[in-house]
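Working notes for the structure below.
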Amino acid sequence: MTLDAKTAFDALRMREIVPALRQEIGGHPLVYLDNAASTLRPQQVLDAQNAFEESSYSNVHRGVHTLSQRATQAFEDARETVARFIGATSSNEIVFVRGTTEALNLVAQTHGRQAVSEGDQVMVSEMEHHSNIVPWQMLCSETGAQLVKIPLTESGDLDLDVYHEALSERTKIVAISHVSNVLGTKNPIEEMAQSARSVGATVVVDGAQSAPHLGVDVEALGCDFYAFSAHKLYGPSGMGALWGKQDLLEAMPPWQGGGSMIRSVSFSGTEWNELPYKFEAGTPNITGAVGMAAAIDFLEAIGLEPIAAREAELLEAARSALLAESSVQVLGDPKQRASVVSFLIDGIHAHDVGQVLDQEGVAVRVGHHCAQPIMEFYGVASTSRASFGVYNDASDIDRLIDAIRTAKSFFAV
Ligand code: PMP
């Protein structure tokens with residue numbers, strides 16, 4: 001089923017095409033505001049996966065029988081779709097992985113080990129998800145390099161003056177998220193990448209929160225690697241993609257060894273396969289790739305521009321409504337932002353907020369959101385986070401605010 005932007009944004013129609021939205025939680029129609037963790041899957045993604053499983057599923061590559069050929073075709077078509085979606089020049093630059101976390105670990109352990117030595121620096125920002133901190137910490141402790149932090153400012157932006165000052169010939173890698181999963185900050189990747197390039201550093205972008213919400217063009221961003229997950233863009237979990245510049249991928253050693261990543265194996269020596277297979281050891285998530293491509297088709301049928309515009313409106317409406325609410329504090333006020341807002345209610349623990357909201361049928365995420373340095377910066381243990389997707393509308397914000405009021409009266413705040 002293809003959608004035009006107008007019908008696609010009809011909330012009722014969304015409830016028709018996203019089966020999980022057609023249920024009640026606690027006796028209320030579900031309002032799903034946990035899209036930054038995982039989006040719900042539209043029927044057309046589920047159907048594409050089922051149809052593939054029913055008629056074309058088999059292992060990919062090297063099979064001569066019909067099912068294997070169909071599966072290989074679908075898997076490689078999915079790679080083309082992913083490449084086109086993010087503006088990659090070639091599908092050889094798309095490595096299928098389990099998700100953003102695996103993609104970042106892959107880069108740290110291959111390109112990272114190659115590029116970084118004792119005394120060098122790896123820069124990450126203070127707003128990173130743990131998956132864009134820990135792999136670099138591991139690399140630094142292994143190589144004797146130094147992990148340098150790009151600090152946050154109170155508004156939830158990065159301190160770019162400190163960043164530009166700190167860059168030097170010693171900086172080998174700059175790893176930053178495109179959009180923060182806690183503050184919604186949209187970082188100026190183009191500008192940051194340009195400065196990083198001027199000192200010869202490679203730029204790794206965590207695109208987990210940008211791919212589903214903004215039209216992404218990796219060439220225009222000026223980065224070297226871009227990682228994202230299918231389960232945050234209406235596709236399946238356990239699936240994602242790493243984009244890397246072809247010359248860098250060519251120069252990198254393989255990550256995991258095994259089947260598919262080799263051209264030939266002998267006890268006298270093994271030859272690696274060509275890109276991208278060099279980085280895809282073992283049987284991949286074949287149905288996951290089909291689901292990811294179907295999810296991209298779903299997003300593209302609506303259009304990334306209308307999605308970004310619509311979600312920006314929702315975000316601003318939600319922020320205003322939260323700011324107008326007594327006892328509610330919104331974390332940060334970043335200059336440019338997308339799809340995510342974190343808030344606190346005075347006197348109520350975020351986990352209690354999450355529980356009352358759930359009873360009211362409103363799903364938000366509570367906790368540290370795998371970004372403990374942000375929590376430390378703001379001096380809080382946890383927040384509640386509302387994050388938007390294509391199926392949300394203004395009535396969901398009303399429901400969020402009503403549920404917050406219920407929580408406040410329950411806890412007598
Ligand atoms: N980076 C960011 C900004 C994220 O929001 C997430 C998921 N919360 C990740 C990385 C990790 O993604 P995954 O769990 O799909 O590997």
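Key figures
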| read-out | value |
| --- | --- |
| Count - residues of region 390-413 that are open to solvent by less than 20 Å² (accessible area, probe 1.4 Å) and in contact with a Ser or Thr (Cβ under 7 Å, 6 or more places away or on another chain) | 1 |
| Positions within region 1-50 being assigned to a helix (DSSP H, G or I), farther than 28 Å from Gly367 by Cβ and at pLDDT below 95, in sequence order | Ala5, Lys6, Thr7, Ala8, Leu12, Arg13, Glu16, Ile17 |
| Test: residue in region 304-314 that is under 26 Å from Asp396 (Cβ atoms), within 16 Å of the ligand (Cβ to nearest atom) and either in contact with a Lys or Arg (Cβ under 6 Å, 6 or more places away or on another chain) or not in a strand (DSSP E or B) (or both) | yes |
| Residue that is touching a residue at least 12 places away in the same chain (Cβ under 8 Å), surrounded by 23 or more Cβ atoms within 10 Å (Cβ to Cβ) and within 16 Å of the ligand (Cβ to nearest atom), where the choices are Val366, Val353, Val340 | Val340 |
| Among residues of region 164-182, those that are open to solvent by less than 10 Å² (accessible area, probe 1.4 Å) and either touching a Lys or Arg at 6+ places or on another chain (Cβ under 6 Å) or more than 22 Å from Ala227 (Cα to Cα) (or both), counted | 1 |
| Pair list, Cβ < 7 Å and 6+ apart or interchain, from region 118-130 residues that are open to solvent by less than 30 Å² (accessible area, probe 1.4 Å) to residues that are more than 12 Å from the ligand (Cβ to nearest atom) and in a loop (DSSP other than H, G, I, E, B) | Asp120/Ala145; Asp120/Arg170; Gln121/Ala145; Gln121/Arg170; Val122/Val116; Val122/Ala145; Glu126/Pro151 |
| Among the residues listed as Ser268, Ser210, Ser264, Ser198, the single one being of a type in the set (S, T, N, Q) and either surrounded by 17 or more Cβ atoms within 10 Å (Cβ to Cβ) or closer than 30 Å to Val18 by Cβ (or both) | Ser210 |
| Yes/no for Ser68 being assigned by TED's automatic domain parsing to the domain that holds Ala251, at pLDDT 95 or above and in contact with a Ser or Thr (Cβ under 6 Å, 6 or more places away or on another chain) | yes |
| Subset tally (residues that are away from the ligand (no atom under 16 Å from the Cβ), more than 28 Å from Gly200 (Cα to Cα) and not aromatic (Phe, Trp, Tyr)) for region 66-115 | 15 |
| Region 271-297, residues that are outside any loop (DSSP other than H, G, I, E, B) and either open to solvent by 30 Å² or more (accessible area, probe 1.4 Å) or not assigned by TED's automatic domain parsing to the domain that holds Val60 (or both) | Glu271, Trp272, Tyr277, Asp297 |
| Region 242-266 residues that are closer than 23 Å to Thr72 by Cα, paired with ones that are of a type in the set (Gly, Ala, Ser) and assigned to a strand (DSSP E or B) (beta carbon under 6 Å, 6 or more apart) | Leu242/Ala227 |
| Only listed residue being at pLDDT below 95 and not acidic (Asp, Glu), chosen from Pro306, Pro276, Pro284 | Pro306 |
| Qualifying residues in region 208-264 (those that are part of a helix (DSSP H, G or I) and among the hydrophobic types (A, V, I, L, M, F, W, C)) - the one nearest to the ligand (Cβ to nearest atom) | Ala230 |
| Qualifying residue in region 377-389 (condition: out of contact with any helix residue (DSSP H, G or I) (no Cβ under 7 Å at 6 or more places or on another chain), open to solvent by less than 70 Å² (accessible area, probe 1.4 Å) and among the hydroxyl-bearing types (Ser, Thr, Tyr)) | yes |
| Residue in region 359-381 that is within 24 Å of His178 (Cβ to Cβ), modelled with pLDDT of 95 or more and of a type in the set (Asp, Glu) present | yes |
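To keep it simple, each residue is scored yes or no on (1) touching a Leu at 6+ places or on another chain (Cβ under 9 Å); (2) surrounded by fewer than 20 Cβ atoms within 10 Å (Cβ to Cβ).
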| position | (1), (2) |
| --- | --- |
| Ser68 | no, yes |
| Phe75 | no, no |
| Glu80 | no, yes |
| Arg84 | no, yes |
| Ser91 | no, yes |
| Ile94 | yes, no |
| Val97 | yes, no |
| Thr101 | no, no |
| Val107 | yes, no |
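Listed here are the residues, each with its yes/no results for (1) closer than 18 Å to Asn35 by Cβ; (2) free of Cβ contacts under 8 Å to residues at least 40 places away in the same chain.
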residue: Ser327; (1), (2): no, no
residue: Leu344; (1), (2): no, no
residue: Gly347; (1), (2): no, no
residue: Asp358; (1), (2): yes, no
residue: Ser382; (1), (2): no, yes
residue: Ile397; (1), (2): yes, no
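The values are calculated or read from the model by the stated rules, or taken from the named source; none is laboratory data. Just so it is clear, the structure is predicted and the values come from calculations on it, not from any experiment. Using ideal geometry, Cβ is built from the backbone for each residue, glycine included, and neighbour counts are taken over all protein chains shown. These area figures cover heavy atoms from the full protein model, side chains too; ligands, DNA and RNA do not enter into them. Shrake-Rupley method; radii C 1.70, N 1.55, O 1.52, S 1.80 Å.
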